[in-house]
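Data first, discussion second: the structure below is written as structure tokens.
A short reminder: the numbers here are calculations on the coordinates, not readings from a lab. Computed from a prediction, not measured in an experiment: that's the story for all the values here. Backbone-built Cβ (ideal geometry, glycine too); neighbour counts: all protein chains shown.
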Amino acid sequence: MYLRLATPEDASAIATIYNQGIEDRVATFETRLRTPQEIEPWFDGLHPIVVLETDEQQVIAFASASVYRPRPCYAGIAEFSVYVERAWRGRGAGRRALEGLLREAAQAGFWKLVSRVFVENMASRALLRSCGFREVGVYEKHAQLDGVWRDVVSRLMWSQYEVAAHSSFRRLLSLHTAASLWREFRLLKRGNETNAATKPNRWMTCRLVCLRCTS
């Protein structure tokens, strides 16, 4: 699979995938299908859009950023969406597209991405959490879809500054834990020199495994 920035020539493929999401009622309140001509204005030169292709150059997923608010103070914040062609859902295509969008958004100067997801869409919520997004709250009865009120998880939010701070904290924690483990190991080793019957190795192995899990 190949990830790249989308161009207006991809509007038809993007419309096809987006319309599948509309028809399946899993990702948007929209009910009217879109034409490629309606997708073309998404390419505003400011908000990145990425597509994921198969080796046969078939577009199977896209992730797009769009305007969050028109006020200048919010210029570094964008809404985002991720859609995957039906046959490729659950196979990692959405993750690849989203990770590509995060890189492009950061390079374009966006410091925060936000969105809303149907509460019942557990697959998307799990994907977004695994990519560093956090859920801030729930909008109850946010809008109606086919005459039914639907709730959405609000402000699924990713901030490159939050992610950087979180990563730095984890690195510092890992370094601190590694130093503590080394001191404990040396103390245990001294004790073992006089008592070969003790068994600290199993305990130490468990601690080291936990350290690896947090890195």
- [ ] List the relative contact order of region 67-139 as a percent without decimals, with contacts defined as Cα pairs under 8 Å and 6+ residues apart.
- [x] 31
TODO: State the three equivalent ellipsoid semi-axes of region 2-159, derived from the C-alpha gyration tensor as the square roots of 5 times its eigenvalues, in descending order and whole Å.
DONE: 22, 20, 16
- [ ] Would you mind checking region 1-43 for residues with the amide N under 12 Å from a putative spin-label position 7 Å along Cα→C-beta of GLU53?
- [x] 1-7, 9-10
TODO: Scan around VAL138 for amide H atoms under 5 Å from its own, H built in the peptide plane at 1.01 Å from N, and keep only partners 5 or more places away or cross-chain.
DONE: SER154
- [ ] Using the Karplus curve 6.51 cos²θ - 1.76 cosθ + 1.60 with θ = phi - 60°, work out ³J(HN,Hα) for each residue of region 138-148 in order, rounded to whole Hz, and write x for Gly and Pro.
- [x] 10, 8, 7, 6, 5, 6, 9, 10, 6, x, 10
Task: Under-5 Å amide H pairs with ALA61, H placed in peptide plane, nonlocal only - done: LEU52, GLU85
TODO: Among VAL153, VAL67, PHE110, flag the residue with its Cα farthest along the positive direction of the charge dipole of region 2-159, charges on Cβ as +1 for Lys/Arg and -1 for Asp/Glu.
DONE: VAL153
Task: Hz values of 3J(HN,Hα) by residue in region 52-60 - Karplus curve (6.51, -1.76, 1.60), Gly and Pro given as x - done: 10, 10, 7, 4, 8, 6, 8, 6, 10
Open item on the list: If neighbour count is taken as other Cβ atoms inside 10 Å, put PHE80, PHE62 in order from fewest to most.
Closed with: PHE80, PHE62
Task: trypsin sites (Lys or Arg not before Pro) restricted to DSSP loop in region 1-43 with at most 16 other C-beta within 10 Å - done: ARG25, ARG32, ARG34
